[in-house]
Number of protein chains: 2
Amino acid sequence: MDELDPYVLRPIGVVRSTLRARADAPNQAFEGAPEALLEIDAAFADALHRVQPGDELILLTWLHLADRDVLQTHPTGNTNIPLTGVFRTRSPDRPNPIGVHRVTVTTIEGPTTLRVRALEAIDGTPIIDLKIAMRESPEA
Amino acid sequence: MDELDPYVLRPIGVVRSTLRARADAPNQAFEGAPEALLEIDAAFADALHRVQPGDELILLTWLHLADRDVLQTHPTGNTNIPLTGVFRTRSPDRPNPIGVHRVTVTTIEGPTTLRVRALEAIDGTPIIDLKIAMRESPEA
C-alpha cells in the first residue's frame with residue numbers, strides 16, 4: 001500500500017521537566033505529574049500566536065526512549081493482566097511512540113516558551129505538535 | 001538541539017471511508033462523521049490482540065493532504081476570527097499534520113480490520129497509532 005510509505009517527523013521543540021528518567025514518570029498525568037516547560041523552536045514562533053494562560057492544549061510528543069519493536073505488553077506492567085496488544089494499551093513502547101497529553105498553559109515564559117501543568121513526559125522529550133483542546137469534542 | 005533531529009514515522013495502516021475529499025470531511029467527528037474501516041497492516045496483527053467491539057480508542061492519523069508550511073490560520077476558515085497560530089487551532093495544516101480522533105470499535109471485520117464510528121478522516125488517510133481511551137484521563 002502506498003499509504004504505508006514513511007514520513008519524516010521534525011520535532012518543533014522539547015520538554016523541560018524535573019522528571020529525568022522513565023522510571024520516575026507517572027503512567028498518566030493525573031497520577032501526580034509536575035509542571036513542565038515547553039521550549040518551542042524559534043522557527044515556529046508564529047504558530048504560537050494567541051496562545052495564552054488558561055488555554056487547554058493537546059500536546060503530542062515523541063517518546064524517544066520507547067522500544068518500537070514491542071507489539072504486546074502487560075498493561076501498567078502488571079503481569080496479572082493478560083498480554084494485550086499495544087494498540088489496546090497506553091504503553092510508550094509501540095511502533096510509532098507518540099505521546100498524547102492534555103495540558104493547561106499556566107504562564108508564558110518567553111516568546112516560544114510555555115509553562116504547563118501537568119505533564120508526565122520526561123526532560124528532553126521531543127515535542128511534535130500542539131492543538132487547542134475542545135470541550136465540545138469527545139476526543140478532547 | 002539534538003532533540004530536534006528528525007524521526008521516521010512508518011504508517012501502520014490506512015483509513016477506508018466514504019469521505020473522498022478534504023472538502024467533504026466535517027471539521028470534527030461530532031459534526032456528522034460516518035463509520036469507517038481501519039485496515040491495519042498484517043505485520044501488526046499481534047498489536048491488536050484483545051481489541052473488541054465497544055472499545056474506545058484514540059486514533060492517530062497522518063493528514064497526508066495537509067500543507068506543512070502553514071503557521072497561522074483563521075480557525076474553521078472563518079475570516080471573522082483573527083489569524084491564530086496553528087498550535088492554538090485544530091487546522092490540519094501544521095508542521096507535523098497528525099490527526100487525533102476518538103473512535104468506538106463497532107465490529108471486528110477481519111484479523112486486522114476494525115469498523116469504527118465516527119471518523120472525519122478521508123479515505124486513504126494513513127494510520128500511525130491506536131491507544132485505548134481512558135475515562136479517568138482528562139486527555140482521553
- Scanning the stretch A:69-82 for residues that are surrounded by 14 or more Cβ atoms within 10 Å (Cβ to Cβ) and either in contact with a Leu (Cβ under 8 Å, 6 or more places away or on another chain) or more than 7 Å from every other protein chain (Cβ to nearest Cβ) (or both) gives A:Val70, A:Gln72, A:Thr73, A:His74, A:Pro75
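Please work out if A:Val116 is over 30 Å from B:Thr112 (Cα atoms) and open to solvent by 10 Å² or more (accessible area, probe 1.4 Å). Outline the logic, then answer.
On the way: over 30 Å from B:Thr112 (Cα atoms): yes; open to solvent by 10 Å² or more (accessible area, probe 1.4 Å): no.
No: the conditions fail for A:Val116.
Residue check: is B:His64 surrounded by 14 or more Cβ atoms within 10 Å (Cβ to Cβ), touching a residue at least 40 places away in the same chain (Cβ under 8 Å) and under 25 Å from A:Asp5 (Cα atoms)? Please lay out each step first, then the result.
Details: surrounded by 14 or more Cβ atoms within 10 Å (Cβ to Cβ): yes; touching a residue at least 40 places away in the same chain (Cβ under 8 Å): yes; under 25 Å from A:Asp5 (Cα atoms): yes.
So B:His64 fits the description; yes.
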- Pairs where the first residue, in the stretch A:13-34, is farther than 30 Å from A:Asp46 by Cβ and the second is of a type outside the set (A, V, I, L, M) and open to solvent by less than 20 Å² (accessible area, probe 1.4 Å), C-beta under 6 Å, 6+ apart: A:Gln28/B:Ser137
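Table: residues versus (1) within 14 Å of the chain's Cα centre (by Cα); (2) in a strand (DSSP E or B).
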site: A:Gln52; (1), (2): no, no
site: A:Ala66; (1), (2): yes, no
site: A:Pro95; (1), (2): no, no
site: A:Gly99; (1), (2): yes, yes
- Query: Which of the residues that make up the stretch A:93-116 are farther than 18 Å from A:Gly32 by Cα and either within 10 Å of chain B (Cβ to nearest Cβ) or of a type outside the set (Asp, Glu) (or both)?
  - Reply: A:Arg94, A:Pro95, A:Asn96, A:Pro97, A:Ile98, A:Thr107, A:Ile108, A:Gly110, A:Pro111, A:Thr112, A:Thr113, A:Leu114
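Checking the conditions here, which among A:Leu57, A:Leu63, A:Leu37, A:Leu48 is away from chain B (no Cβ under 11 Å) and aliphatic (A, V, I, L, M)?
On inspection, the qualifying residue turns out to be A:Leu37.
The values are calculated or read from the model by the stated rules, or taken from the named source; none is laboratory data. This structure is a prediction, so every number in the text was calculated from the model and none was measured. As a convention, Cβ positions derive from the backbone with ideal geometry for all residues, glycine included, and neighbour counts pool all protein chains shown. To get the accessible areas, we keep the full protein, side chains included, count just its heavy atoms, and leave off ligands, DNA and RNA. Shrake-Rupley method; radii C 1.70, N 1.55, O 1.52, S 1.80 Å.
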